[in-house]
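> The structure that follows is given in the form of structure tokens.
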Amino acid sequence: MPIRRTVTSAAVTLTVAAGLLAVPATAQAQSRTEVAPLGQTCGVAPSTGSLSCWNTAPTSVRSSPYTTDSWQVDVLRTTWSWFGCYTIGEFHGGGTKTWYGTVGDDTGQWGFVPASAVSTSWAFDLNPGNYGMRHC
């Protein structure tokens, strides 16, 4: 049995490693409550320019990319989410003015979350368009 278990583990590791660099084109159509594959990293889908990534939860989804001049329209409760585009708004704790457009988990409302709530790098947040993400 130990040999079989090792072979199975190696096959799973190889399968997971093969999927680390690409986000499936169907990511934008998948359920927001879907759990990310084991070992999945953030990535932009080339066909849509959308981002799938880890995020802090709960996170307020705002009506516009501002904390002080917008309403909370929904909440992200999942920690793996889809972000359809990015825009520039109010400076936030992440050190940039980048906000990501997404759909909330409670009522399905479209809105924006600050880049500080998404597990992207500071370099990515400075200009997501350089990485293929669509501007709102």
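The values are calculated or read from the model by the stated rules, or taken from the named source; none is laboratory data. Note that the structure is predicted; figures quoted are calculated from it, not measured. Reconstructed Cβ throughout: ideal geometry from the backbone, glycine too, with neighbour counts over all protein chains shown.
> Need pairs with beta-carbon distance below 6 Å; first residue at pLDDT below 95 and within segment 49-74, second part of a loop (DSSP other than H, G, I, E, B) and buried (at least 18 other Cβ atoms within 10 Å of the Cβ); sequence gap 6+ or separate chains.
Cβ pairs passing all conditions: Tyr66/Gly89.
> Right, next: In this structure, does Gly101 turn out to be of a type outside the set (Lys, Arg), under 18 Å from Trp54 (Cα atoms) and modelled with pLDDT under 95?
No: the conditions fail for Gly101.
> Search segment 44-58 for residues being polar (S, T, N, Q) and over 12 Å from Pro114 (Cβ atoms), and hand back the single one that is surrounded by the most Cβ atoms within 10 Å (Cβ to Cβ).
Ser50
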